[in-house]
Amino acid sequence: MEPKRIREGYLVKKGSMFNTWKPMWVVLLEDGIEFYKKKSDNSPKGMIPLKGSTLTSPCQDFGKRMFVFKITTTKQQDHFFQAAFLEERDAWVRDIKKAIKCIEGGQKFARKSTRRSIRLPETIDLGALYLSMKDTEKGIKELNLEKDKKIFNHCFTGNCVIDWLVSNQSVRNRQEGLMIASSLLNEGYLQPAGDMSKSAVDGTAEHPFLDNPDAFYYFPDSGFFCEENSSDDDVILKEEFRGVIIKQGCLLKQGHRRKNWKVRKFILREDPAYLHYYDPAGGEDPLGAIHLRGCVVTSVESNSDGRKSEEENLFEIITADEVHYFLQAATPKERTEWIKAIQVASRTGK
């Protein structure tokens, strides 16, 4: 009997021979992890046995790379994977940890007994706390803050974070709040913005996080950017990044010239409604943007040449300027979710 498939999807994997990161179709089985160059490939490029392996998450061996986790095998071989966003990484980590535990205990993998995530300290779940902090109604309010003739967009101050933790009863006092905020910062849930907060992270202050109204921070997927405000000639940059992120993940995108398909990380924002796509293996700047206001998005069964396609789960976006984009989801459900989210953004966003 073939091992049960527990989870599958696109992750970015670091090469074992060279320091290169490439998107792979990854399949978690009960006894190991297989990774393929493409979802449609019949044979994997490699397999990682889970018996006796250990998992490290978050893994911060690579500086600015976020949402990375590491699997170390019994032969002390390290395998590094990067997810597109926090919730995706945590879902993979939970299932891999449980699969390893099931192997050790001679048990079958079963969803109903999924363990609660590891908490640091005992009463705090950093992942859940991060999601609460991002809640649009009850979370920390993102502001446009000005300092040293610069405007920091989608930002908040260090003392606001501590205030929120105390008022939300997540901590007992500000000192405990400082410890939790430092943990959130160290694990990548918060990012420093501005010289003061960056200096603290680099070790010039007693704590990596500062309970200070002049120390600025932001959520890693909030659309943060900084702009100069020193002259009348300054232009408001990156207007399209102001929208709230409503969906993100990896899809296949067909190129406009070569018609080849490549894995891209997509981030969907509303008001203004944009779908930005990135190289999932790295790079903070998008490769392109699709303005969704007034667009049409539909499922398709043929490619851009009008011929029946062998690929499944295709959909097409036609912008108001009549530019056509062909994308491919991994499953019918995922395609439906993307289409619905894009339709909402196209109607409500600017």
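Scan segment 35-61 for residues that are out of contact with any Gly (no Cβ under 7 Å at 6 or more places or on another chain), open to solvent by less than 40 Å² (accessible area, probe 1.4 Å) and not small (Gly, Ala, Ser) and the total you get is 3. Among the conditions (1) modelled with pLDDT of 90 or more; (2) open to solvent by 80 Å² or more (accessible area, probe 1.4 Å), the only one that residue 17 does not satisfy is (1). The set of residues from segment 246-273 being open to solvent by 40 Å² or more (accessible area, probe 1.4 Å) and in a strand (DSSP E or B) comprises 246, 247, 261, 262, 264, 265, 270. Residue 290 meets the conditions (1) at pLDDT 85 or above; (2) closer than 30 Å to residue 137 by Cβ; (3) open to solvent by 30 Å² or more (accessible area, probe 1.4 Å) in every case but one. The failed one is (3).
Which one of 312, 337 is acidic (Asp, Glu), closer than 22 Å to residue 11 by Cα and modelled with pLDDT under 85? From the options 312, 337, the qualifying one is 312.
When you go through 207, 154 one by one, which is the residue that is open to solvent by 20 Å² or more (accessible area, probe 1.4 Å), on the phi > 0 side of the Ramachandran plot and in contact (Cβ under 8 Å) with a residue 24 or more places away in the chain? Give the derivation first.
Numbers: 207 fails: on the phi > 0 side of the Ramachandran plot.
Criteria check complete, one pass: 154.
Can you find a residue in segment 161-179 that is open to solvent by 50 Å² or more (accessible area, probe 1.4 Å), basic (Lys, Arg) and assigned to a helix (DSSP H, G or I)? Checked against the condition, which is being open to solvent by 50 Å² or more (accessible area, probe 1.4 Å), basic (Lys, Arg) and assigned to a helix (DSSP H, G or I), segment 161-179 yields at least one hit.
The values are calculated or read from the model by the stated rules, or taken from the named source; none is laboratory data. None of these values were measured; they are calculated from a predicted model. As a convention, Cβ positions derive from the backbone with ideal geometry for all residues, glycine included, and neighbour counts pool all protein chains shown. We work out accessible area using only protein heavy atoms, side chains counted, and drop any ligands, DNA or RNA first. Shrake-Rupley method; radii C 1.70, N 1.55, O 1.52, S 1.80 Å.
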